[in-house]
1. Once fully extended, how much extra length lies between S37 and D139, figured as 0.36 nm per residue of separation less the alpha-carbon to alpha-carbon distance?
2. Which value, in debye to the nearest 20, describes the size of the charge dipole of region 65-146 about its Cα centre when Lys and Arg Cβ atoms bear +1, Asp and Glu Cβ atoms bear -1, and nothing else is charged?
3. Ordering E82, E93, E51 from largest to smallest accessible area (1.4 angstrom probe), what's the sequence?
4. Given a Förster distance of 30 angstrom, what is the FRET efficiency for S146 paired with R94, based on the Cβ-Cβ distance and rounded to 0.05?
Amino acid sequence: METAPDLTTIPGRRIGGYRNSARRFIKLYGLGETGASVAQAVGRRGLPNVEVRTGTGAAGWREIAGGAPDRDTNMVVIVCGEGDEELFRPERERPGSLVTFVLLQREGNLLVVRQQSVSNARGSADLFVTTSDRDYVADLIDNLAS
């Protein structure tokens with residue numbers, strides 16, 4: 001009798017010595033109540049190469065990525081719920097690593113890109129993602145940090 005494949009693991013393996021195949025060190029910032037709850041859920045998993053921070057007030061790069069430049073950080077991920085993107089107040093000097101901004105939309109809501117706050121987030125990130133899937137961030141972190 002054949003056993004079913006395990007679909008809970010990521011297929012393949014890391015390529016030894018290849019820079020883009022190395023585990024990433026990620027700073028995850030949960031902005032606002034929704035973002036904080038998503039980030040804290042990821043943080044409870046205790047991944048050693050993921051630093052989790054949260055805040056429910058206005059935040060710039062210092063709050064999100066830390067005060068001092070960090071050469072070891074490969075990626076900064078910001079997650080927030082729809083409406084909380086207004087709390088993002090980026091300064092001109094952004095982190096030296098890649099920045100991904102994830103905007104969690106309410107179910108059934110069409111893309112919300114009309115607001116200046118969304119434009120600020122889009123313009124400050126290397127990758128801007130809108131989704132209603134609350135598991136997206138955990139899956140992203142699993143793929144990059146494992």
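The values are calculated or read from the model by the stated rules, or taken from the named source; none is laboratory data. Note that the structure is a prediction, hence the values are computed from the model and not measured. Here Cβ is always computed from backbone atoms with ideal geometry, including for glycine, and neighbour counts include all displayed protein chains. SASA here: full protein model, heavy atoms, side chains in, ligands and nucleic acids out. Shrake-Rupley method; radii C 1.70, N 1.55, O 1.52, S 1.80 Å.
1. Working: separation 102, 0.36 × 102 = 36.72 nm, distance 1.52 nm.
My answer for the length gained is 35.2 nm.
2. Working: 8 positive and 14 negative charges, 66 e Å.
Here region 65-146 has a charge dipole of around 320 debye.
3. Numbers: E82 35, E93 150, E51 60 Å².
Reading off the accessible areas and sorting them downward yields E93, E51, E82.
4. Details: r = 26 Å, r/R0 = 0.86.
E(calc), rounded to 0.05, equals 0.70.
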